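S.K.: Please see the structure below; I have some questions.
Bear in mind that the values in this text are calculations on the coordinates, not laboratory data. Being a predicted model, the structure only gives us computed values, none of them experimental. Cβ sites come from the backbone with ideal geometry, for glycine too, and all protein chains shown count toward neighbours.
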Amino acid sequence: MNASGVAALLALAGIPVSVLLGRWQMRTALRQAEASHQTALEVADANYRIALEAAEASHRNALEVARRQAEAERVRWLTEARRAEYRLLENSLAQFRRTLMVPEPIAEDVQSAFDEVHESVNLIEAVGPEEVCRIAVRILGKCRMPTLDITFGRFPSLEDREHWWAQIRTLRHDFHDAVKGVLEGPWG
């Protein structure tokens, strides 16, 4: 066999080896591609979980901010409502005193002034707090006695009316102190 025959034999033997080498390289490339794909999937899954956690945390923070804002608005509204109702009771009591302390009280005027005090107390009961409501109800009770006497035609003397007003005035001071505590407290 000459050199060209040997070369031909070697060339023929090299074909299966080339095919085997190509196949082996292809399998290696496929495994590397599959490993790269699996790594990319794991990275994408981790990124998705991180993004989802960030979105959930952002949502929770937004809800908390909204809740705090709503609570602050509720407190502000309640404080303003309390101020208005407390002021209304003060004005009603002033009117009640004026109608009660005239030399000859008129039953309809006293009853009308009492009705305003009564309505003010009802409104205060709607906005609270309990301590202020209790004092307002006690004031209403003290206003009721002279109103009933005058409405039923029993005109109390000026001295009796001054005595009743002194009791109301004492409760009114308690009311002022309680209101001050509410409006200047942590929510006021």
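S.K.: Full extension from ARG74 to SER58: what is 0.36 nm times the residue separation minus their Cα-Cα distance, to one decimal in nm?
M.R.: Between ARG74 and SER58, full extension yields 3.4 nm more.
S.K.: Could I ask something else about it? Using θ = phi - 60° and the Karplus curve 6.51 cos²θ - 1.76 cosθ + 1.60, what whole-Hz ³J(HN,Hα) does each residue of the stretch 108-119 get, with Gly and Pro shown as x?
M.R.: 5, 5, 5, 4, 5, 5, 5, 4, 5, 4, 4, 5
S.K.: OK, next. Modelling each spin label as a point 7 Å along the Cα-to-Cβ direction, I'd like the GLU119/GLU159 distance in nm, to one decimal.
M.R.: 3.7
S.K.: Mind computing the radius of gyration and Dmax over the alpha-carbon atoms of the chain? Å is fine for both.
M.R.: Expressed in Å, the Cα Rg and Dmax of the chain come to 45.2, 154.
S.K.: In percent, what relative contact order does the stretch 75-184 have, based on Cα pairs under 8 Å that are 6 or more apart in sequence?
M.R.: So the answer I get is 30 percent.
S.K.: So, how do all the Cα-to-Cα distances of the stretch 75-184 break down into 5 Å bins, in percent, from 0 on up?
M.R.: The percentages, shortest bin first, are 2, 13, 24, 23, 16, 10, 7, 3, 1, 0.
S.K.: Regarding the stretch 38-111, what's the average projected area of the Cα-atom convex hull, expressed in nm²?
M.R.: About 6.4 nm², averaged over all directions.
S.K.: I've got another one for you. Tilt of helix 3-100 relative to the longest C-alpha principal axis of the chain, in degrees (0 to 90, nearest 10)?
M.R.: Orientation of helix 3-100: about 0 degrees from the principal axis.
S.K.: Note down the magnitude of the dipole of the stretch 75-184 about its Cα centre, charges +1 on Lys and Arg C-beta and -1 on Asp and Glu C-beta and zero elsewhere, to the nearest 20 debye.
M.R.: Approximately 220 debye in magnitude.
S.K.: Residue by residue, what Karplus-based ³J(HN,Hα) values in Hz, rounded to whole numbers, does the stretch 151-165 have, using 6.51, -1.76 and 1.60 with θ = phi - 60° and x for Gly and Pro?
M.R.: 4, 8, x, 9, 7, x, 5, 4, 5, 5, 5, 5, 4, 4, 5
S.K.: Between the stretch 44-115 and the stretch 121-188, how many Å separate their Cα centres?
M.R.: 22
S.K.: So what are the ³J(HN,Hα) numbers for the stretch 166-181, from phi and the Karplus equation (6.51, -1.76, 1.60; θ = phi - 60°), rounded to whole Hz, Gly and Pro as x?
M.R.: Working through the residues one at a time gives 4, 5, 5, 4, 4, 5, 5, 5, 4, 4, 4, 5, 5, 5, 4, x Hz.
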